[in-house]
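Trainee: Quick one: structure below, then a few questions.
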Amino acid sequence: MSKILDGKIVSAAIKDAVSKEVETLKNNGIGVGLAVILVGDNPASKIYVANKKKACEAVGIKSFQYLLDESTTQDELIELIHSLNSKKDVNGILCQLPLPHHIDEQAVIAAISPDKDVDAFNNLNVGKILIGNYDFLPCTPAGIIEILDYYGIEIEGKNCVVIGRSNIVGKPMAVLLMHRNGTVTICHSKTRNLADVTKNADILVSAVGKAGFLTEDMVKEGAVVIDVGMNREGGKLCGDVCFDEVSKIAGYITPVPGGVGPMTISMLLKNTLTAAKRQNGR
Ligand code: NAP
């Protein structure tokens, strides 16, 4: 039976450290603030935005919410971002994705000042991450590295397989594992004989978004299995991994819920703190 990698424990430790630093900054007259923009009323996005507000408040970060109508134009959204870029009490800016179809996501991400881009999606930050000289790391992959470190799981020299190549999870995950000297393979929907590749993984990250995708026959005995998937099945949250069967053979496994999910928010808080420190010369 696998050891559970508990994201709630790791996330609590990070939030605690962030909260202490936020308090110290406050005692030095420096507030920390995060602006979160939501366009439209996607129910999942509304929950994420509400959770981010709650998490900010819990660690003493001021949360500014901008809940915009679905009909908001791209120009109006970019105008709001430009005004937030120049606000001193806003250290981080996050625009909840996905955006309505009439808005070009890349144009919106590009409008966020790289210094306030706490999601690390802006082209400049993506480039910095690739060369390994970065200010912010994208929250979900960075949170996964934190989990591995917390549980003392060595990455160097390991065969790491990432299933999924999105800009927000798969690609940066692969880059971070490579920076930590993992030998990385990226798989996607066109990969042939996927199970042959995944069976070689010492560390296997599934970021596909399909419930029941990763089965026992795709996993090497003793492997570390990280389940990024957040899928709804009959209203219930589940990952990509068939937990009951895979947990019998994996060495370590993240559950859903309670694995990668809590890490994403705590890394957002950490990035917001980093932004505030950098903007105040700390
Ligand atoms: P995405 O943009 O839809 O990417 C999914 C990836 O899976 C794509 O690269 C796709 O390949 C690949 N894929 C699809 N079917 C496949 C198959 N049969 N075999 C191999 N690869 C396949 O999704 P995402 O934004 O990266 O998110 C992935 C999952 O993580 C979702 O469930 C999302 O909700 C979740 N997520 C969780 C968190 C968290 O905090 N826990 C954060 C972000 C995302 P192609 O590129 O070839 O299409």
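Here, each number is a calculation from the coordinates, and none is a lab measurement. Just so it is clear, the structure is predicted and the values come from calculations on it, not from any experiment. Cβ: placed from backbone, ideal geometry, glycine included. Neighbour counts: every protein chain shown.
Trainee: DSSP loop GluC sites (Glu not before Pro) in region 147-232 with at most 10 other Cβ atoms within 10 Å of their Cβ, which ones?
Mentor: On the way: sites: E154, E156, E216, E221; in loops: E154, E156, E221.
Loop-located and lightly packed - E156, E221.
Trainee: Please list, by residue number, every one of the trypsin sites (Lys or Arg not before Pro) in region 71-128 that is coil in DSSP and has at most 15 other beta-carbon atoms within 10 Å. Let's see the in-between values first.
Mentor: Working: sites: K87, K88, K116, K128; in loops: K87, K88.
The qualifying sites are K87, K88.
Trainee: Applying a 10 Å radius around every beta-carbon, put 197-203, 264-270, 253-259, 69-75 in order of their mean neighbour count, most first.
Mentor: With the highest mean Cβ count within 10 Å placed first, the list reads 264-270, 253-259, 197-203, 69-75.
Trainee: Quick check for me: using +1 on Lys/Arg Cβ and -1 on Asp/Glu Cβ, what's the dipole size of the chain about its Cα centre, in debye to the nearest 20?
Mentor: On the way: 30 positive and 32 negative charges, 105 e Å.
Dipole about the Cα centre, nearest 20: 500 debye.
Trainee: From the Cα gyration tensor of region 143-264, with a ≥ b ≥ c the square roots of its eigenvalues, which class applies: rounded if a/c is under 1.5, or else prolate if a/b is larger than b/c, or else oblate? All intermediate terms of the calculation are to be shown ahead of the outcome.
Mentor: On the way: a/c = 1.30, a/b = 1.20, b/c = 1.08.
Taking the square roots of the gyration eigenvalues as a ≥ b ≥ c, region 143-264 is rounded.
Trainee: In straight Cα distance, which lysines are under 20 Å from K210, not counting same-chain residues fewer than 8 positions off?
Mentor: K171, K190, K199, K236
Trainee: Tell me which of L269, V108, L68 sits at the most positive position along the dipole axis of the chain, charges placed on C-beta atoms (Lys, Arg +1; Asp, Glu -1).
Mentor: Checked the options; the winner is L269.
Trainee: While we're here: To the nearest 20 debye, what is the magnitude of the charge dipole of region 57-101 about its Cα centre, counting +1 on the Cβ of each Lys and Arg and -1 on the Cβ of each Asp and Glu? Mind showing how you got there, number by number?
Mentor: Working: 3 positive and 7 negative charges, 62 e Å.
Charge dipole, region 57-101, about its Cα centre: 300 debye, nearest 20.
Trainee: Quick check: residue separation of R232 and S166 times 0.36 nm, minus the Cα distance between them. What number comes out in nm?
Mentor: On the way: separation 66, 0.36 × 66 = 23.76 nm, distance 1.96 nm.
Between R232 and S166, full extension yields an extra 21.8 nm.
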